[in-house]
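Structure record follows, encoded as structure tokens.
The values are calculated or read from the model by the stated rules, or taken from the named source; none is laboratory data. Fair warning: this is a prediction, and the values are worked out from it, not measured in the lab. Here the Cβ positions follow ideal geometry from the backbone for every residue, glycine too, while neighbour counts run over all protein chains shown. Note: accessible area is taken over every heavy atom of the protein model, side chains too, but ligands, DNA and RNA are not part of it. Shrake-Rupley method; radii C 1.70, N 1.55, O 1.52, S 1.80 Å.
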Amino acid sequence: MVNNHYEQNHADGKYADDIMEREKADVEKKYEEFEKFKNEKDHELEKEMAKDRAEMKSEASAVKEKIEKIEEDVKKDLHK
């Protein structure tokens, strides 16, 4: 009888260990998928930020040119 309980407890423990191992593997897989997703989103965000930065520089350059043109016009008007 005691031996039978030991075998049952051992089997229950083995079953629990198997479940924990499967859950651990599932969690690790989900974490890897999350990291991959996060890295893809980070890469997309970096590309968008680079594009936005380029647009802002272009717009800033255009504004700077307009300001320089206005300053030249003002200087010409002052010398008239």
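Taken per residue, the accessible surface of the chain reaches 100 Å², heavy atoms only and a 1.4 Å probe.
FRET efficiency for the D42 to M20 pair, using the beta carbon distance and R₀ = 35 Å, is estimated at 0.65.
Considering only protein heavy atoms and a probe of 1.4 Å, how much of the accessible area of the chain is carbon and sulfur, as a whole percent?
On the way: 4510 of 8030 Å².
Carbon and sulfur: 56 percent of the exposed surface of the chain.
Matching the structure-derived Kirkwood radius over Cα pairs in Å against the labelled list [x] 19.3; [y] 14.6; [z] 15.1 gives the label [x]. Of A62, F37, V27, which is farthest on the positive side of the dipole of the chain, counting Cα position, with +1 on Lys and Arg Cβ, -1 on Asp and Glu Cβ, and the Cα centre as origin? Sorting the options by dipole projection puts first A62. Summing charges over neighbours of A25, with a neighbour being any other residue whose Cβ is under 14 Å away from its Cβ, gives -4 when K and R count +1 and D and E count -1.
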